[in-house]
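Input: a single structure, listed below in structure tokens.
The values are calculated or read from the model by the stated rules, or taken from the named source; none is laboratory data. Just so we're clear, the structure is a prediction, and the values are computed from it rather than from any experiment. Methodologically, a virtual Cβ is constructed for each residue, glycine included, from the backbone with ideal geometry; neighbour enumeration extends over all protein chains shown.
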Amino acid sequence: MNWKNVKNYQDIKYEKMEGIAKITINRPEVRNAFRPLTVSEMIEALEDSRLDAEIGVVILTGAGEKAFCSGGDQKIRGEAGYKDEKGMNHLNVLEFQKKMRNLPKPVIAMVAGYAIGGGHILHMLADITVAADNAIFGQTGPKVGSFDGGFGASYMARIIGQKKAREMWFLCEQYNAKAAEKMGLVNKVVPLKDLEKETVFWAKKILEHSPLALRCLKSALNADCDGQTGLQELAGNATLLYYMTKEAQEGRDAFKEKRKPDFSKFPRQP
Ligand code: 1HA
């Protein structure tokens, strides 16, 4: 495929092709575990995707075939988070989670191998997950002294139900791709060799559709779970659409022209 490198990073690859951006966690030697630098690079790339009007879908993946992501890098875990080069502790993946969720464009997780711990949460937060037949899913928190009680708990329960979410967190078992598909954790399982082709096919299908409809649908689906933050996002789209109307522009123009606004020409819809 004809991916074009956007910028060189240390821990990720960031590429684009025909309206699709691809962020690849590039630490295969640790099963694509993330450290604070990995996450801050992903945040920067995601922000670039948001601002690029040519980009309609983002694919999040991991380098190699062994892992999508194995969560936080336990080797640099400090006393209050994950240590950066200066020794400061971070849980900045929580920031990235919010940014994935708020991105007004669909995110597809392309999963080969392990999606474990904080890596499992990342695939869960993607709008769509396409998994290879070698994918393995699971949480390890209670085993390694961690937990994600945010989206990691409540959103998981929305997806797979309370019983299965409790099972997944309390037992820390691993689930193969077929089992994950049965739980509704993944949208499609494909042979490993077809993973990228199939994921790009899904992305291209999405790209054929109305960007504003997709944007509003994502925020509407988020709003159902995200409380006032979700409503703010959904309502932000209502404001965006309203700003695009002649009616809203009349208010703006009247202010600038120092006259009384005339809204009489705008119909009150039934
Ligand atoms: O819960 C949170 C958070 C909650 C709230 C807010 C922020 C959070 C941020 C993060 C997290 C977490 O992610 S906690 C969960 C952390 N992750 C794990 O517990 C998974 C640990 N890894 C494994 O269970 C396994 O490595 C594996 C199932 C993913 C793969 O097994 P496999 O194929 O048998 O490979 P393995 O030999 O275990 O690993 C290959 C190399 O990768 C090893 O390197 P080596 O020691 O031989 O030099 C291994 O240590 C390394 N590696 C794998 N995963 C990690 C890792 N190194 C650091 N951190 C890892 N997560």
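Observations, loosely collected:
- Test: Thr61 is among the polar types (S, T, N, Q), within 16 Å of the ligand (Cβ to nearest atom) and touching an Asp or Glu at 6+ places or on another chain (Cβ under 6 Å): no
- Ser154 being more than 16 Å from the ligand (Cβ to nearest atom) and of a type in the set (Ser, Thr, Tyr): no
- Looking only at residues in the range 121-142 that are of a type in the set (A, V, I, L, M) and over 20 Å from Glu198 (Cβ atoms), the one that is surrounded by the fewest Cβ atoms within 10 Å (Cβ to Cβ) is Leu125.
- Here Leu212, Leu241, Leu195, Leu217 are screened, and the one residue that is out of contact with any strand residue (DSSP E or B) (no Cβ under 9 Å at 6 or more places or on another chain) and over 17 Å from Gly56 (Cα atoms) is Leu241.
- Filter result for the condition that a residue is more than 10 Å from the ligand (Cβ to nearest atom), modelled with pLDDT of 95 or more, farther than 16 Å from Thr61 by Cα and out of contact with any Cys (no Cβ under 8 Å at 6 or more places or on another chain), over Leu103, Leu94: Leu103
- Any hit, the range 167-178, residues being surrounded by 14 or more Cβ atoms within 10 Å (Cβ to Cβ), more than 16 Å from the ligand (Cβ to nearest atom) and modelled with pLDDT of 95 or more: yes
- Checking each residue in the range 1-56 for being among the β-branched types (Val, Ile, Thr) and in a strand (DSSP E or B) picks out Val6, Ile12, Ile20, Ile23, Thr24, Ile25.
Quick grid of which residues meet (1) in contact (Cβ under 8 Å) with a residue 40 or more places away in the chain; (2) among the polar types (S, T, N, Q); (3) within 16 Å of the ligand (Cβ to nearest atom):
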site: Asn2; (1), (2), (3): no, yes, no
site: Asn5; (1), (2), (3): no, yes, no
site: Gln10; (1), (2), (3): no, yes, no
site: Glu15; (1), (2), (3): no, no, no
site: Ile20; (1), (2), (3): yes, no, no
site: Pro28; (1), (2), (3): no, no, yes
site: Asn32; (1), (2), (3): yes, yes, yes
site: Ala45; (1), (2), (3): no, no, no
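- Taking first residues from the range 81-98 that are on the phi > 0 side of the Ramachandran plot and partners that are part of a helix (DSSP H, G or I) and more than 7 Å from the ligand (Cβ to nearest atom), the Cβ contacts under 9 Å between residues at least 6 apart in sequence or on separate chains come to Gly81/Pro36.
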